[in-house]
Amino acid sequence: MRAVLQRVLNASVTRLCVLVGIAADDTEADLEYLIKKILNVRVFEDETGKKMWARNVKDMGLEILCGNKPDFHCSMKAEFSKEMYANFISRMKQEYFEDRIKDGVFGAMMNVSLVNEGPVTLELDSRKFAYTEKKVSSSKSKVEISKK
């Protein structure tokens, strides 16, 4: 599961804008990973404004605008990803404040207006690195880290 997280001055009523992409083989574990990352990544300065990367959205009590990107390569079919996305929104509301999680209409074409702050844009991926076995010519195998 992937998400693009942007720190914004405004995007309707929010301070974080998150675009979520759901892959065909994503699971609840991927969903939980992204929720934890989104809610805990430190993209805001401290109370004095002097130390960057000090606080997360929960520390500040800010809103999060969530949207989905249903058509990236290898995405989950709409009839399944709609349920996964609904579960994602539901879990975000459980882990944070329900009234601070906003979302649009799943799969709809929408006009989104936002003003980036920073700029702070992060790409989050629940499976950024995959550990796979690769056969070596000497018939021994080695583990390598590859990007998915």
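Data overview
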| item | result |
| --- | --- |
| Cross-chain or 6+ apart pairs with Cβ under 6 Å, region 86-104 first and of a type in the set (Phe, Trp, Tyr), then surrounded by 15 or more Cβ atoms within 10 Å (Cβ to Cβ) | 88/31; 96/39 |
| Pairs, first under 21 Å from residue 126 (Cα atoms) in region 41-65, second surrounded by 15 or more Cβ atoms within 10 Å (Cβ to Cβ) and basic (Lys, Arg), C-beta under 8 Å, six or more apart | 42/55; 43/7; 57/15; 64/15; 64/100; 64/102; 65/102 |
| Check on residue 97, more than 14 Å from the chain's Cα centre (by Cα), at pLDDT 90 or above and not aliphatic (A, V, I, L, M) | yes |
| Complete set of residues in region 1-43 that are loosely packed, with under 15 Cβ neighbours inside 10 Å and aliphatic (A, V, I, L, M) | 9, 13, 24, 29 |
| Near pairs, Cβ below 8 angstrom, 6+ apart or cross-chain, from region 106-124 (free of Cβ contacts under 8 Å to residues at least 60 places away in the same chain) to any residue that is surrounded by 12 or more Cβ atoms within 10 Å (Cβ to Cβ) and in a loop (DSSP other than H, G, I, E, B) | 106/70; 107/70; 110/104 |
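The values are calculated or read from the model by the stated rules, or taken from the named source; none is laboratory data. Since we're looking at a predicted model, the values are computed, not measured. Ideal geometry is used to build each Cβ from the backbone, glycine not excepted, and the neighbour counts take in all protein chains shown.
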